[in-house]
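Here's the structure, in structure tokens; my notes come after.
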Amino acid sequence: MVEPKMQPPVERAPNAETVLPLSRVRTIMKSSMDTGLITNEVLFLMTKCTELFVRHLAGEAYTETFRQKPGETLKYEHLSQLVNKRKNLEFLLQIVPEKIRVHEFQEMLRLNRSAGSDDDDSDSGSESDE
């Protein structure tokens, strides 16, 4: 079996700049209600951790995809499949959902509405007896 050809990670000096912009990461961190003072050290660590996590996520998705279809390019659907398959990534389910077609979504809405109206009829009947 052929192993995926992954490019070696770009090695950076410990004090080098980050790939992600620190100002954007700070903005995202500030958007959380319970974030206190964000020191430069904390900001740097969060940014580096985020970069490592994204690299890991993309690498796992690529490895998984390459096993199934050698030579395939990594796509959004591969990331969402990985998130749906792995228990430790379920916290990303709402952030990286599986894509569905519009007609599939409309069918889901129709089924939910019809199921909801059936529930409403049974609920209102029991309330009138009280």
Just to be sure before I move on: is residue 65 at pLDDT 90 or above and either within 21 Å of residue 86 (Cα to Cα) or open to solvent by less than 60 Å² (accessible area, probe 1.4 Å) (or both) in the structure I sent? no
In segment 90-112, residues that are within 10 Å of the chain's Cα centre (by Cα) and outside any helix (DSSP H, G or I) total 6
Members of segment 19-43 that are assigned to a helix (DSSP H, G or I) and either small (Gly, Ala, Ser) or in contact with a Ser or Thr (Cβ under 7 Å, 6 or more places away or on another chain) (or both): 22, 23, 25, 29
Could you tell me whether any residue of segment 76-94 is of a type in the set (Val, Ile, Thr) and open to solvent by 60 Å² or more (accessible area, probe 1.4 Å)? no
Determine which member of the set 72, 3 is over 18 Å from the mean Cα position of the chain (by Cα), surrounded by 11 or more Cβ atoms within 10 Å (Cβ to Cβ), in a loop (DSSP other than H, G, I, E, B) and at pLDDT below 85. 72
For segment 64-77, how many residues meet the condition of being of a type outside the set (A, V, I, L, M, F, W, C) and farther than 24 Å from residue 94 by Cβ? 7
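The values are calculated or read from the model by the stated rules, or taken from the named source; none is laboratory data. Nothing here was measured: the structure is a model prediction, and the numbers come from that model. When we count neighbours, we look across all protein chains shown, and the Cβ atoms used for this are built from the backbone with ideal geometry, even at glycine. Only protein heavy atoms, including side chains, enter the accessible area calculation; ligands, DNA and RNA are left aside. Shrake-Rupley method; radii C 1.70, N 1.55, O 1.52, S 1.80 Å.
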